[in-house]
1. Long-range amide H contacts for S189: which residues qualify at under 5 Å (H placed 1.01 Å from N, peptide plane, sequence gap of 5 or more or a different chain)?
2. Do you know the relative contact order of region 573-619, to the nearest whole percent, from alpha carbon pairs under 8 angstrom that are 6+ apart?
3. Return the calculated 222 nm mean residue ellipticity for the chain, to the nearest 500 deg cm²/dmol, obtained by summing -39500 (n - 2.57) across DSSP H runs with n ≥ 4 and dividing by the residue count.
4. Leaving out ligands, DNA and RNA, what percent of the accessible area of the chain is carbon and sulfur, probe 1.4 Å?
5. Find how much the distance from Q127 to Q479 grows on full extension, using 0.36 nm per residue of separation minus their present alpha carbon separation; answer in nm with one decimal.
6. State the extension gain, in nm to one decimal, for the chain segment bounded by D431 and S396, taking 0.36 nm per residue of separation less the distance between their alpha-carbons.
7. Scan around L215 for amide H atoms under 5 Å from its own, H built in the peptide plane at 1.01 Å from N, and keep only partners 5 or more places away or cross-chain.
8. Mind pulling the angle between the C-alpha long axis of helix 621-633 and the longest principal axis of the chain? Nearest 10 degrees, somewhere in 0 to 90.
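The values are calculated or read from the model by the stated rules, or taken from the named source; none is laboratory data. Predicted model, so just to flag it, every value in this text is computed and none were measured. Every residue, glycine among them, receives a Cβ derived from its backbone with ideal geometry; neighbour counts consider all protein chains shown. When the accessible area is computed, the model is the full protein with side chains, heavy atoms only, and any ligands, DNA or RNA have been set aside. Shrake-Rupley method; radii C 1.70, N 1.55, O 1.52, S 1.80 Å.
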Amino acid sequence: MISVTLPDGSIKEMASGSTPLDVAQSIGERLARDTVAARIDGKLVDATTAFTKNTNLELVTLGSADGLEVYRHSAAHLMAHAVKSLFGDEVQVTIGPAIENGFYYDFFSERHKFTPEDFDQIEKQMQELIDADLPIEREEMTRDSAISLFRDMGEDFKVELIEDLPDPTVSLYRQGDFVDLCRGPHLPSTRKIKAFKLTSVAGAYWRGNEKNAMLQRIYATAFPDRKELKSYLAKVEEAKRRDHRKLGRELDLFSFSEEAGAGLVIWHPKGALLRTLLEDFERREHLKRGYDIVMGPQILRTELWKTSGHYENYRENMYFTEVDEQSYGIKPMNCLAHMLIYKSKIRSYRDLPLRFFELGTVHRHEKSGVLHGLLRVRGFTQDDAHILCAPEQLDSEIKGVLKFVQDVMGIFGFEYELEISTRPEKSIGSDQDWERATLALMNALEGSGLPFEINEGDGAFYGPKIDIKLKDALDRKWQCATIQCDFTLPERFDLTYVGSDGNKHRPVMVHRVILGAIERFLGVLIEHYAGNFPLWLSPVQATILNVTDNQAGYAETVWEKLRAEGVRIQRDLRNEKLGYKIREAQVEKIPYMLVVGDKEKENGTIAPRHRSGKNLEPMTPEEFARFIHAECRLYN
Ligand SMILES: [Zn+2]
Ligand SMILES: [Zn+2]
């Protein structure tokens with residue numbers, strides 16, 4: 001007999017040669033069904049691994065992250081198995097790991113090009129293999145026999161993989177007539193896979209190297225049951241529908257052009273207006289909170305970037321230019337000009353805190369592979385501010401920023417999560433500075449009444465920070481606001497103020513953004529609202545539609561009147577059916593459609609119709625303008 005110790009400390013006496021699955025079975029049918037793998041003395045193994053000595057056992061169920069990964073990895077083998085049974089020698093297998101939300105498998109084929117049209121057939125074959133309830137069995141053999149096994153099967157990529165392995169023995173997993181080189185663990189049987197779906201196909205280089213063969217990667221996903229799979233797929237569909245790149249095109253907000261350069265946004269009239277509205281909002285909100293608006297130059301002499309340390313630490317991401325034999329760095333951050341403003345005169349403790357705010361456009365060289373619509377670009381504008389304060393003011397300043405973040409997230413309807421990152425091993429600044437700053441951040445977080453996580457040792461080398469991740473309507477998380485304390489820059493630039501004691505003191509510096517990059521925030525916002533911007537942020541608030549040519553002249557007067565009243569309005573006076581014009585305005589997601597027919601013309605009114613389909617009472621253009629302005633003042 002063997003003693004098996006479970007995580008709760010209880011001990012099971014099992015016959016030698018029994019398995020984790022047997023243990024699960026002895027506890028209950030349900031647990032046995034949910035068990036997909038096990039940890040024996042901490043090592044992740046198959047649930048069918050036989051015990052040979054006394055062990056500590058943890059059953060890994062489908063409900064855990066490890067369990068789900070094993071499940072998805074087994075689904076990847078299943079997909080490869082199905083592809084091999086359908087395409088045989090036409091296709092060679094390579095690798096197929098589990099990834100976030102699913103799995104993929106990379107195939108090589110010179111004869112067959114996979115397309116979504118193949119998915120149905122592959123899925124059917126996978127289902128047949130599931131129904132066959134094939135046991136998935138681990139096998140170990142010497143490296144040399146594994147090499148000849150895969151060579152005989154014509155699987156050259158597998159041969160190459162094994163040749164690179166240092167171990168004298170390797171493990172394989174077999175199910176029916178399919179065998180794959182694999183560390184495992186795997187599900188005990190194909191029958192365990194309940195819900196899967198192939199999603200897309202893309203090219204990928206063998207071992208990620210562009211000098212190697214081009215493979216075909218089939219992406220897929222698998223969930224413990226059909227219900228979960230269905231809700232995941234619905235979410236993916238919704239995300240596609242809301243994709244800001246698609247909506248950006250449909251709403252004619254922005255574009256990118258290879259001629260201009262990758263990662264550089266070109267704002268079209270409606271997009272530029274949207275952005276301006278957001279920037280105006282930012283200026284108002286900052287002024288309300290005691291910030292000063294400042295502006296720095298786009299390029300600054302390279303010597304200054306050397307003083308700040310950016311040249312040494314951040315050069316690869318910067319763009320440089322040379323004029324009159326003088327080298328300049330295009331700014332990747334806005335801090336430096338703000339420091340020069342601080343240094344432009346002698347500062348007293350009575351001047352503090354100083355809060356310098358700039359909608360600062362910066363350029364950072366990002367690798368072309370990571371560029372993604374508005375979410376990852378090379379030129380962007382931050383709502384950046386630097387607070388310079390006395391150490392004893394830090395506490396209330398951080399609280400103020402956090403309150404600012406809360407207010408703004410509330411206006412846009414975002415939920416969010418907070419994280420604090422503390423002192424890393426490699427860092428500068430005195431213990432006292434770090435303690436004070438970390439305490440100030442902690443206090444502010446605790447005062448906010450919101451839960452937060454601590455990332456021990458994850459702060460910047462120059463100070464601790466708070467990161468705020470917002471959650472959009474689809475529950476996706478985005479890093480936007482951050483609050484960072486900085487001990488280096490005041491030091492490097494020798495910033496001082498005269499204290500009440502008449503001596504010189506060093507101010508503390510806080511870098512902070514509320515929305516982060518305007519581009520990125522707008523990308524998130526477009527998806528969050530699915531393009532249905534609230535009235536105050538809509539680049540077009542209303543469109544005027546005439547029923548027939550008979551009211552074209554009247555519609556024109558109303559359009560001019562409302563424009564003069566500050567309503568953002570467009571007109572559609574084409575000789576088209578009203579229904580057609582309404583549908584177009586709905587595609588453009590314009591909040592109000594103002595219909596004018598003969599009756600409205602006669603009464604000097606308009607009939608507003610909301611994009612939701614709700615009709616308002618007819619009103620005069622003046623009344624409508626007042627209504628719009630009142631609604632916008634509420635910021636929603
Ligand atoms: Zn595998
Ligand atoms: Zn900064």
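1. Here the answer is I136, since their amide H atoms fall under 5 Å of that of S189.
2. Value for region 573-619: 27 percent.
3. The helix contribution divided over the chain gives -11000 deg cm²/dmol.
4. Within the chain, the accessible surface is 49 percent carbon and sulfur.
5. Residue separation times 0.36 nm, minus the Cα-Cα distance, leaves 122.7 nm.
6. 10.5 nm
7. The list, which skips near neighbours in sequence, is A204, Y205, W206.
8. The two axes meet at around 60 degrees.
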